[in-house]
Amino acid sequence: MNPMNRQWFFRGFRKRLRAALSPEKAAAVWEKAGREYDAMLAADPALKTHKGALALPVIALWRALSSAGEDAEALLNAYGDHLGGKFARIVHAFTCIPGVSQLLWRRVDRIMDKMSGAAKGYRRRIVSEPPDMYGVDILSCPYHELAKQLGAEKAVLCICHLDKAYMKGFHHIRYERTTAVSEGAGCCDYRLWYDPEKD
């Protein structure tokens, strides 16, 4: 069985591939990605438990698309934007429940630590703490580090695209990020503010 079929994150990408390429070419890319995924784990079984393991299917798709002569970066980044937009709508609906955005803001430092702290494989620098602004510079990311190690550094840009899109969905919490390590910058500069005017 193709291991890509178990990657829930990319189920929608498979459909988009069929629309962007011919159904036959999309199927060939999907099968090639499955072989790439299996090959990476066969070469190094420890990758399965790597903190950046979510990047493995992205890297497999990147390699398969590139070897088929397709623009892997454009296709994957567009999917990141698309999926991030869907998640943003879910986040917005949840944070519109009275009191939820205020509760999240009171705990933003703990939430961000759970999502992007050392335990998850990130290296970071806190720039500012609430109540004014929560600012954190991500100096290294496990997804980017793994992709770089496997020679597909730009593959994880689609995860950055997803992240940037869904973070804009918070009700009353404004978000900005202008740089990313996956784009060659020294850090991913996350900045969040509580803004009661933001829908």
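Selection of the stretch 172-188 for residues being under 14 Å from His161 (Cα atoms) and either among the acidic types (Asp, Glu) or part of a loop (DSSP other than H, G, I, E, B) (or both) yields Glu176, Thr178, Thr179, Ala180, Glu183.
Which of the residues belonging to the stretch 17-35 are buried (at least 17 other Cβ atoms within 10 Å of the Cβ) and either in a loop (DSSP other than H, G, I, E, B) or in contact with a Phe, Trp or Tyr (Cβ under 6 Å, 6 or more places away or on another chain) (or both)? Within the stretch 17-35, Leu21 is the sole residue that qualifies.
Conditions tested, residue by residue: (1) modelled with pLDDT under 95; (2) in a helix (DSSP H, G or I); (3) surrounded by fewer than 13 Cβ atoms within 10 Å (Cβ to Cβ).
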site	(1), (2), (3)
Tyr37	no, yes, no
Met40	no, yes, no
Gly52	yes, no, no
Ile59	no, yes, no
Phe87	no, yes, no
His92	no, yes, no
Pro98	no, no, yes
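Only one of the listed residues (Ala33, Ala43, Ala39) is over 15 Å from Ala78 (Cβ atoms), of a type in the set (Gly, Ala, Ser) and in contact (Cβ under 8 Å) with a residue 24 or more places away in the chain. That residue is Ala33.
For the stretch 121-143, the set of residues classified as buried (at least 17 other Cβ atoms within 10 Å of the Cβ) and among the basic types (Lys, Arg) consists of Arg124 only.
The residues in the stretch 96-116 that are in contact with a strand residue (DSSP E or B) (Cβ under 7 Å, 6 or more places away or on another chain) and not hydrophobic (A, V, I, L, M, F, W, C) can be counted, and the count is 3.
The values are calculated or read from the model by the stated rules, or taken from the named source; none is laboratory data. Just so it is clear, the model here is predicted, and its values are computed rather than measured. All Cβ positions, even for glycine, are placed from backbone atoms using ideal geometry, and neighbour counts span all protein chains on display.
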